[in-house]
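The structure appears below as structure tokens.
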Amino acid sequence: MTSTIEAPRSPYSRSTKKSGVNWEKWGWIYMRVSGVVLVVLIFGHLFVNLMIGEGVSALNFAFVAGKLTNPFWMVWDIIMLWLALIHGGNGMRTLVNDYATSRISRGILKVAILVSVVSLIVLGTLVVFTFDPCPAGAPANLVASFCTSL
Amino acid sequence: MSSATIDQKPVVPEEIKSFTVTLIIRRFNPEVDDEPHWQDFDVQMYPTDRVLDALHKIKWEQDGSLTFRRSCAHGVCGSDAMRINGRNRLACKTLMKDLDITKPIYVEAIKGLPLEKDLIVDMEPFFDSFKAVQPFLMNSVTPEKGKERIQTVAQRARFDDTTKCILCAACTSSCPVFWTDGQYFGPAAIVNAHRFIFDSRDENAAVRLDILNDKEGVWRCRTTFNCTEACPRGIQVTQAIAEVKQAIMRGKA
């Protein structure tokens, strides 16, 4: 009787086909560059939201609405949104490449990651650009102070 | 003649105590077993003995069927890389005194390569990756008759670290990406590519950089430093991989 243990990994042949753009290389560079930028953006975001002034107790609808009418914070948030979601999505993709063994599960997981990243980016971008800080009929104590002067 | 030496007692070397060590070895015999299983052995060892000595003692005195590779037994040939207490080590370089002998010592074959018998794995996939990076000097110019290819000390020092590789597969089989990805070149192949990419006498660095710029090339490295920790020659493997990444980004060595 001879039994063979299945090989732990299948050394299938590497593709010799070369496409024009090396996405793995650019993906790797993107992770490094966006990582550095995100450190500044995220810690700046946390510092402003949680530590400056009244700190975390200042957070409410009016605070966020006030930030989202300021072009500086709109640009900050939009950059942070795109960089972080693509960074996270790409990281998840490499994890799937590492640990999903079958072609089908790999495909399903990657599509799921792509769909969630794209929909979150679209939603977030819509919010940043179409946000109404002073919804009609809202009580004055819940909205930003500048709404009353409109 | 002085009589002072007569009173002196002969110097008796302090007796070195031996102790019983339990080794738990992952056995697999393809002709009998369906699954690998763990088997324990007790051996009498000295602190200066190595794990390889324990394996020898077992094979020679207790169970001749224990199967493992070793050639030089002095850390040069790279035959006896194995997983000792969960870490990839050369059995011939791991001393008993450096292990916690109050607990059993677990010994198993390196991971990520097909298991053949006991501590022996099929090294062919590993050597295939090694071959794929073209690990040999390529130079179109023949030096003058009787002359050598001249290199400065600094040029030689540039790739000195990666010349130390003995192809034991301790690094590659400690890499989590290699465990799961059937195509990744693995640290050892990149180290050996590094050795020629940064050699001033070699002309084909661009070819090797192009090979490693593959989807399954250096970009799969997650810098977990498992390979650097595993290397019995102390090669800074992760740094070598990072240098190859840098060279690919700059487009030259």
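The values are calculated or read from the model by the stated rules, or taken from the named source; none is laboratory data. As the structure is a prediction and not an experimental result, all values here were calculated from the model. Glycine gets a Cβ as well: all are built from the backbone with ideal geometry, and neighbour counts include every protein chain shown. The protein model used for the area step is the full one, side chains on, heavy atoms only, and it has no ligands, DNA or RNA in it. Shrake-Rupley method; radii C 1.70, N 1.55, O 1.52, S 1.80 Å.
About its Cα centre, how strong a charge dipole does the protein assembly as shown have in debye, to the nearest 20, once Lys and Arg get +1 and Asp and Glu get -1 at the Cβ? Please list the in-between numbers first.
On the way: 45 positive and 41 negative charges, 264 e Å.
The dipole magnitude comes to about 1260 debye.
Which whole-number percentage describes the relative contact order of region B:103-241, with Cα contacts under 8 Å and a sequence gap of 6 or more?
Values: 182 pairs, mean separation 38.7, N = 139.
Here the relative contact order equals 28 percent.
Roughly what % of DSSP beta bridges within region B:19-121 run antiparallel, to the nearest 5?
85 percent
Please work out the Cα center distance from region A:35-50 to region B:130-146, rounded to the nearest Å.
Computed from Cα coordinates, the inter-centre distance equals 51 Å.
Among B:Gln151, B:Gly186, B:Thr172, which residue has its Cα furthest toward the positive end of the charge dipole of region B:121-190, with +1 on Lys/Arg Cβ and -1 on Asp/Glu Cβ?
With unit charges placed on the Cβ atoms, the residue in question is B:Gln151.
State whether region B:198-248 is rounded, prolate or oblate according to the following rule on the C-alpha gyration tensor (a ≥ b ≥ c being the square roots of its eigenvalues): a/c under 1.5 gives rounded; otherwise a/b larger than b/c gives prolate, and the remaining case gives oblate.
Oblate shape, in that a/c is at least 1.5 and b/c is the bigger or equal ratio.
Shape of region B:1-156 from its Cα gyration tensor (a ≥ b ≥ c, root eigenvalues): rounded if a/c is under 1.5, otherwise prolate when a/b > b/c, or oblate? Please list the in-between numbers first.
On the way: a/c = 3.21, a/b = 1.20, b/c = 2.67.
Cα axes put region B:1-156 in the oblate bin.
Any idea what the relative contact order of region B:19-121 is, in percent, if you count C-alpha pairs under 8 Å spaced at least 6 apart? Walk me through the numbers on the way to the answer.
Working: 191 pairs, mean separation 34.9, N = 103.
Dividing the mean separation by the residue count of region B:19-121 yields 34 percent.
Which one, B:Val51, B:Val177, B:Val32, has the greatest fluctuation when you compute a Gaussian network model over chain B with C-alpha springs under 10 angstrom?
Judging by the Gaussian network model, the answer is B:Val32.
Determine the alpha carbon to alpha carbon distance for each of B:Lys9/B:Lys97; B:Lys57/B:Lys97; B:Lys59/B:Lys103; B:Lys147/B:Lys252; B:Lys57/B:Lys103 and list only those over 26 Å.
B:Lys9/B:Lys97; B:Lys147/B:Lys252
Let me have the relative contact order for chain B, percent, based on Cα pairs under 8 Å that are six or more residues apart.
17 percent
Using each residue's phi in region A:85-98, evaluate 6.51 cos²θ - 1.76 cosθ + 1.60 at θ = phi - 60° and report the 3J(HN,Hα) Karplus result to the nearest Hz, with x for Gly and Pro.
Each residue of region A:85-98 in turn: 5, 5, 4, x, x, 5, x, 5, 4, 5, 5, 4, 4, 6 Hz.
So who's got an amide H within less than 5 Å of the one on B:Ile105, skipping anything under 5 residues away but keeping other chains? H placed 1.01 Å off N, in plane.
B:Thr22, B:Leu23, B:Ile24
So how much accessible surface do B and A hide from each other in total, probe 1.4 Å, in square angstrom to the nearest 100? List each step's numbers first, then the result.
Numbers: alone 14190 and 11520 Å², together 23020 Å².
Accessible area lost upon association: around 2700 Å².
Give the distance, in whole Å, between the Cα centre of region B:170-230 and the Cα centre of region B:60-74.
One Cα centre to the other: 31 Å.
Are there any residues in region B:164-202 with a reduction of at least 50 Å² in accessible surface when going from the isolated chain to the assembly of protein chains? Probe 1.4 Å, please list them by number.
Buried by 50 Å² or more upon assembly, which counts only protein chains, are B:Thr180, B:Gly182, B:Gln183.
Using Cβ-Cβ distances only, list the Cys residues of chain B with no partner cysteine under 4.7 Å, sorted by number.
Here B:Cys92, B:Cys165, B:Cys168, B:Cys175, B:Cys221, B:Cys231 come out as lacking a disulfide-compatible partner, given the Cβ-Cβ threshold of under 4.7 Å.
What residue among B:Ala170, B:Ala205, B:Ala189 shows peak mean-square fluctuation when chain B is described by a Gaussian network model with Cα springs under 10 Å?
The residue that fluctuates most here is B:Ala205.
With every protein chain kept in place and ligands, DNA and RNA left out, what is the accessible area per residue of chain B? Probe 1.4 Å, answer in Å².
51 Å²
Which residue, B:Lys57, B:Lys164, B:Lys215, tops the fluctuation ranking in a GNM of chain B built on C-alpha contacts under 10 Å?
Fluctuation is largest for B:Lys215.
Below 13 angstrom from the Cβ of B:Ala109, what's the summed charge of the other residues (Lys, Arg +1; Asp, Glu -1)?
On the way: positive: B:Arg26, B:Arg27, B:Arg69, B:Arg83, B:Arg89, B:Lys111, B:Lys117; negative: B:Asp80, B:Glu108, B:Glu116, B:Asp118, B:Asp122.
Cβ neighbours under 13 Å give a net charge of +2.
Whenever you get a sec, compute what percent of the accessible area on chain A sits on carbon and sulfur atoms (1.4 Å probe).
Numbers: 7320 of 10070 Å².
Its accessible area is 73 percent carbon and sulfur atoms.
Percent of accessible area on chain B owned by carbon and sulfur, 1.4 Å probe?
52 percent
Through the Karplus equation 6.51 cos²θ - 1.76 cosθ + 1.60, θ set to phi - 60°, convert the phi angles of region B:78-86 into ³J(HN,Hα) values in whole Hz; use x for Gly and Pro.
x, 8, 10, 5, 8, 8, 10, 6, x
Between A:Leu120 and A:Trp26, what is the label-to-label distance in nm when each label sits 7 Å out along the Cα-to-Cβ direction?
Between A:Leu120 and A:Trp26, the label points sit 2.2 nm apart.
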